[in-house]
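The structure is given below, and queries will be raised subsequently.
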Amino acid sequence: MNDTLTDVPGILVGHYTHPEAATGCTVVICPDGTIGGVDQRGGAPGTRETDLLRPLHLVNTVNAVVLSGGSAYGLAAADGVMRYLEAHNIGYRSRAGYLVPIVPAAIVFDLAVGSADVRPDAAMGYAACEAASAGPVPQGTIGAGTGCRVGAIYGNVYATKGGIGSASVDLGDGLVVAALIVVNAVGDVVEDDGTILAGVRKTPDGSAFAGMMNVMKQLAHLESSLPQPEGENTVIGVVATNARLSKEETNKAAQMAQDGLARAVRPAHTMFDGDTIFAVATGAIPANVSAIGAYAAEVVARAIRNGVRAATSLAGVRAWKD
């Protein structure tokens, strides 16, 4: 066990990072027959192929999931992943015999960090696939976590650096649940006891945090807007397990996993977030979906905190320990 998403057998993860532009993308490549689901709760999502994942739709399986920076532009990274999978003969085979890789995707807004005119594209998505491996997943300021911030309501100088984090749990007899989360939250990232780990700072050069719930009290009588356009934020990620789950159960696991987001981010699921969690189940081991969902929430919360702890300062946004 390496305490990252690749503890789930058959799952591969690859990053592409553009440090100068402070952006990047991350791909999760799934083994054949993996069932997919999704739960989307934020008010400002940027997604692709999410309707397909819900119950009552024809296709049950997914081949890869893309997490990307670049706002809506970054959804283009999924084109490169599709091209890579097609070249390796991986995808859904239609009734007429055509190969169509199934690649859901979600993005975070990182245009206010680094260079706004460089966004993840198809070439970056392809390169992330080429880098994919079953080794421990690198965390922090890398891949889709490169340009992430936490508590950016007053701009970069008050924000804390976010990143990408992962965690896993072994439930015995080879059954594993793991998460990979891109942490770009408008709310504070908090410890189990409520202590703020990352968020909006009281002063640009200080280490104390203002507390986003205190800031929200000041915003309570504003109808819709945050004070700054830099406030666009989102937490996105993937929960993976080698449990044998139906499509309905996989969606339930994604829904329960959102509880971990709400435990580690305060507040979560606001109108300024695009919070989206995918779930993928490779189907190797029979399991109870309620237990899988419960532990999915646990690893999501740990992955969020790990992403912040592993992040390093970049483009004027200070890491939590700086």
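Choose one of Pro204, Gly46, Asn251: the residue whose Cα lies farthest towards the positive end of the charge dipole of the range 5-310 (beta-carbon charges +1 Lys, Arg; -1 Asp, Glu; about the Cα centre).
Result: Asn251, furthest along the dipole toward the positive end.
Once phi is turned into ³J(HN,Hα) by the Karplus curve 6.51 cos²θ - 1.76 cosθ + 1.60 with θ = phi - 60°, what whole-Hz value does each residue of the range 270-278 show in order, with x for glycine and proline?
7, 5, 9, 10, x, 3, 9, 10, 8
Kindly rank 5-16, 178-189 from highest to lowest mean number of other beta carbons found within 10 Å of each residue.
In descending order of packing, they fall as 178-189, 5-16.
With a 10 Å Cβ neighbour count serving as the proxy for reagent exposure, in which order, fewest first, do Leu245, Leu52 appear?
Going from least to most buried by this count: Leu52, Leu245.
Rounding to the nearest 20 debye, state how big the charge dipole of the range 24-182 is about its Cα centre with +1 on each Lys and Arg Cβ and -1 on each Asp and Glu Cβ.
About 260 debye.
Among Thr4, Thr141, Thr195, pick out the residue whose Cα is farthest towards the positive end of the charge dipole of the chain, where Lys and Arg carry +1 and Asp and Glu carry -1 on C-beta, about the Cα centre.
It is Thr195.
Report, in deg cm²/dmol and to the nearest 500, the calculated mean residue ellipticity at 222 nm for the chain, where each DSSP H run with n ≥ 4 adds -39500 (n - 2.57) and the sum is divided by the residue count.
-7000 deg cm²/dmol
May I ask for the net charge around His57, where only other residues with Cβ less than 13 Å from the Cβ of His57 are counted and Lys, Arg are +1 while Asp, Glu are -1?
Within the 13 Å Cβ shell, the charges total -1.
Apply the a/c threshold of 1.5 to the C-alpha gyration tensor of the range 96-219 and tell me whether it is rounded, prolate or oblate.
oblate
Just tell me which lysines come within less than 16 Å, Cα to Cα, of Lys217; anything on the same chain fewer than 8 places away is out.
By straight Cα distance, Lys217 reaches Lys202.
Between beta-carbons, use under 13 Å as the cut-off and find the net charge around Gly174, counting Lys and Arg +1, Asp and Glu -1.
Once positives and negatives cancel, what remains is -2.
Counting only Cα atoms, I'd like the Rg/Rh figure for the chain, Kirkwood definition for Rh.
My calculation puts Rg/Rh at 0.96.
Quick note: the coordinates plus some simple rules give every number you see, no bench work behind them. Note that the coordinates shown come from a computational prediction; the quantities given were computed from them, not determined experimentally. Glycine also receives a Cβ, built like all others from the backbone with ideal geometry; neighbour counts cover every protein chain displayed.
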